[in-house]
Amino acid sequence: MNTKRTSNIHKVRNIPLQMIDVSDQYDILKEISAGDYGKVMLASLKNGHEEIALRAIPKETTTLKDFQIEFHYSYVLSPHMNILDTYDVAFETVDHYIFAQEVAPSGDLWQIIKNQNGLEENDVKLVVKQITSALEFMHSKDLVHRDVRAENILVFQSNFTKVKLTDFGLTRRSGTLVKKRDSSLPTCPPEIWEAVHLEGYIVETGSDVWQMGMLIFVTLLARLPWQRADITDLYFKDFIQWQKRKTTRIPKKFRIFTQRLLRLFRRLMDPKPSNRYNIEEVYKYLRDKWLIYQTNNINKTPENSDQSGTMEETLGEI
């Protein structure tokens, strides 16, 4: 671990940005991805051979301060083996703030999950172990990622022995007061869905813990358990009723999972952030069997079955 890089982890550097024309210094080979955050381009230096990723963030939607925060955390966290390496290269163009990162040869995890209709259980555990390590490192530094999802995990080995967490645009110190964004993602925990638009809420590590639960579900099944963590969503309402032990009926979308994984979901996805596991507790479940059914064939899942899923006799240990 590069201790020099992480020694002043909470002191965001105010770096003067040079204005350049990207095409003067780089050959843009292709666009890797694009979204609300901006875009990532595969590039190489003029007359150079090494390929890099240029993360371009539009000035129209991002302040210089927010860009400096994202670049700072991306850089100081990247010595961890499961966090994407960020180079000490940042500049601006007329329309974008840009910094340079390493290239992930196999792209993002979500594309692979979609193509394969969910990963094999052992592959999911490899991913989960590595991302848990990255989050454990962040939480030890009092930092919260706040956007843990398959789209923000990059794959370096096709057998999933090397994956890395990326996108630190929302990363903030635990205890920071932040404003709610215009819209919440399905992976967000209920306390964020409940927050009033433009009113503040406190950043907590429990947000990452909840999103780890969502990541496990999505990586195994290639679908979300619900669209919003709010009781107006019937799937979420069923989960909370079971979570709070107001019913013994296991939610329909969760009946594919073993008792042990159901226990982990309960610990990771408690409606109260303070009741959730610390992220390192995930390691204790990696040797357990997680699935009753194989996930690659959707017809094998119990979603279309009549299984009641009550299992009263085992609820005491879940």
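The values are calculated or read from the model by the stated rules, or taken from the named source; none is laboratory data. Note that the structure is predicted; figures quoted are calculated from it, not measured. Note that each Cβ is placed from the backbone with ideal geometry, even for glycine, and that neighbours are counted across all protein chains shown. Heads up: the accessible areas ignore ligands, DNA and RNA and are worked out on the full protein's heavy atoms, side chains in. Shrake-Rupley method; radii C 1.70, N 1.55, O 1.52, S 1.80 Å.
Of the accessible area of the range 1-155, computed with a 1.4 Å probe over protein heavy atoms only, carbon and sulfur atoms account for 47 percent.
Between Glu136, Glu199, Glu280, the Gaussian network model of the chain with springs among Cα atoms under 10 angstrom shows the greatest mean-square fluctuation at Glu199. Residue order by solvent-accessible surface for Leu29, Leu170 is Leu29, Leu170, largest first, with ligands and nucleic acids left out and a 1.4 Å probe.
Projected onto its three principal axes, the C-alpha set of the range 145-272 covers 41, 39, 21 Å, listed from the longest axis down. The stretch between Lys246 and Arg181 holds 20.2 nm of extra length on full extension. This uses 0.36 nm per residue minus the Cα-Cα distance. Put simply, the amide H of Leu291, placed in the peptide plane, has neighbours under 5 Å in Thr258, leaving out anything fewer than 5 places away on its chain. Full extension of the chain between Arg260 and Ile292 yields a length gain of 10.4 nm, computed as 0.36 nm times the residue separation minus the alpha carbon distance. Sequence-ordered 3J(HN,Hα) estimates for the range 144-160 from the Karplus curve with 6.51, -1.76 and 1.60 and θ = phi - 60° stand at 10, 5, 6, 8, 7, 7, 4, 5, 9, 10, 9, 9, 10, 10, 5, 8, 6 Hz, glycine and proline given as x. Set the Cα radius of gyration of the range 108-159 against 2.2 N^0.38 Å, with N its number of residues, and you get 1.21. The eigenvalues of the Cα gyration tensor, multiplied by 5 and square-rooted, give the chain an equivalent ellipsoid with semi-axes of 36, 22, 18 Å from largest to smallest. Pairs of lysine residues in the range 1-112 that meet both criteria, 8 or more places apart or on different chains and Cα atoms under 19 Å apart, total 5. When only the Cβ of Lys, Arg, Asp and Glu is charged (+1, +1, -1, -1), the dipole of the range 1-128 relative to its Cα centre reaches about 460 debye.
Within the same chain, lysines fewer than 8 places from Lys272 are excluded, and of the rest, those with a Cα less than 23 Å from its Cα are Lys141, Lys179, Lys180, Lys237, Lys244, Lys246, Lys252, Lys253, Lys284. Proximity of backbone amide H atoms, modeled 1.01 Å from N, is registered between Tyr97 and Ile57, Lys59 at under 5 Å, excluding neighbours fewer than 5 places apart on the same chain. Compute the helix-to-body angle for 64-77: its Cα long axis versus the longest principal axis of the chain, expressed 0 to 90° and rounded to tens. That helix lies at roughly 70 degrees to the long axis. Karplus-derived 3J(HN,Hα) values for the range 16-21, using 6.51 cos²θ - 1.76 cosθ + 1.60 with θ = phi - 60°, are x, 9, 7, 7, 9, 9 Hz; glycine and proline are entered as x. On the principal axes of its alpha-carbon atoms, the range 58-146 has extents of 45, 32, 21 Å, going from largest to smallest.
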